[in-house]
Amino acid sequence: MTSQYGHHEARQVLPYPGSITDVPGIRVGHAQDETALTGCTAIVAEEGAVCGVDVRGSAPGTRETELLQPAAMVPHVHAVCLSGGSAFGLEAAHGVMRYLQERGIGFDVGVGRVPIVPSAILFDLAIGRPDAAPTAAMGYAAASSANSSPPAQGNAGAGMGATVGKYAGPERAMKGGFGTASVKLPNGLVVGAA
């Protein structure tokens, strides 16, 4: 398959030594549209997990990342949704929330539980179909497929249409993808990143 970003082959990259799923209680699931070259990834922590974020770039698209600040009221997240589709892809987080809500998972607000699902998107509209973006149904599918095995990396989930190096123009862009890693500290604490 060829695009303006050059040759693209749908392939799965072998898991990197050390995966975010090495963190106890973390599961990862992908859903993607291989024709439209877009997708989403759900990183699920049903028991809750401390999460941090570093937002960069000149046009970030995020949802609920302010909850990750140290002074925020919510101490844990229940999932993180990463998605293609530019701003349209933020819809995928709703599907992840619905999956968790159906299981009674979320922050107790007294009258029910609200799943905390920060989300971030990437711009992949120019590499695949610009009229296709991850939906709530795709987010639900990613969350329901989440498991504790090392996740597929590269052209999987949110990485399906990921590109990097676009600052110098689309002709200089390179294919990116989804990646994950972990490190175990001497005290036994495991830190994961995606």
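The values are calculated or read from the model by the stated rules, or taken from the named source; none is laboratory data. Fair warning: this is a prediction, and the values are worked out from it, not measured in the lab. Using ideal geometry, Cβ is built from the backbone for each residue, glycine included, and neighbour counts are taken over all protein chains shown. Calculation scope for accessible area: heavy atoms of the full protein, side chains included, ligands and nucleic acids excluded. Shrake-Rupley method; radii C 1.70, N 1.55, O 1.52, S 1.80 Å.
At a glance:
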{"read-out": "Solvent accessible area, Å² - E46, 1.4 Å probe, full protein context", "value": "60"}
{"read-out": "Which labelled figure in (1) 20.8, 64; (2) 17.2, 52; (3) 16.3, 53 is Rg and Dmax of the Cα atoms in Å, once derived from the coordinates", "value": "(3)"}
{"read-out": "Net charge over other residues, Cβ less than 10 angstrom from the Cβ of G84 (K, R count +1; D, E count -1)", "value": "-2"}
{"read-out": "Net +/- balance of residues flanking M160 in space, Cβ distance below 10 Å, scoring K and R +1, D and E -1", "value": "-3"}
{"read-out": "Where labels lie 7 Å past Cα in the beta-carbon direction, separation of L189 and M174 in nm", "value": "3.3"}
{"read-out": "Nearest-20 debye value, the chain charge dipole, Cβ charges on Lys, Arg, Asp, Glu", "value": "240"}
{"read-out": "Euclidean distance between Cα centres, segment 89-112 to segment 20-63, Å", "value": "15"}
{"read-out": "Accessible surface, 1.4 Å probe, highest first, among residues F88, F123, F178, F107", "value": "F88, F123, F107, F178"}
{"read-out": "Å² of accessible area per residue within segment 98-177, as computed with a 1.4 Å probe and no ligands counted", "value": "47"}
{"read-out": "Two-site FRET efficiency, N147 against R103, from Cβ-Cβ distance with R₀ of 22 Å, rounded to 0.05", "value": "0.90"}
{"read-out": "Net lengthening on full extension, R56/T35 (0.36 nm per residue, minus Cα-Cα)", "value": "4.7 nm"}
{"read-out": "Accessible heavy-atom area order of L100, L125, L67, highest first, probe of 1.4 Å", "value": "L67, L125, L100"}
{"read-out": "On Cα atoms only, tilt of 92-102 relative to the major axis of the chain in degrees", "value": "30"}
{"read-out": "Within the accessible area of the chain (1.4 Å probe), percent carbon and sulfur", "value": "56"}
{"read-out": "Cut-off 15 Å between beta-carbons: net charge of the residues surrounding I105, Lys and Arg +1, Asp and Glu -1", "value": "0"}
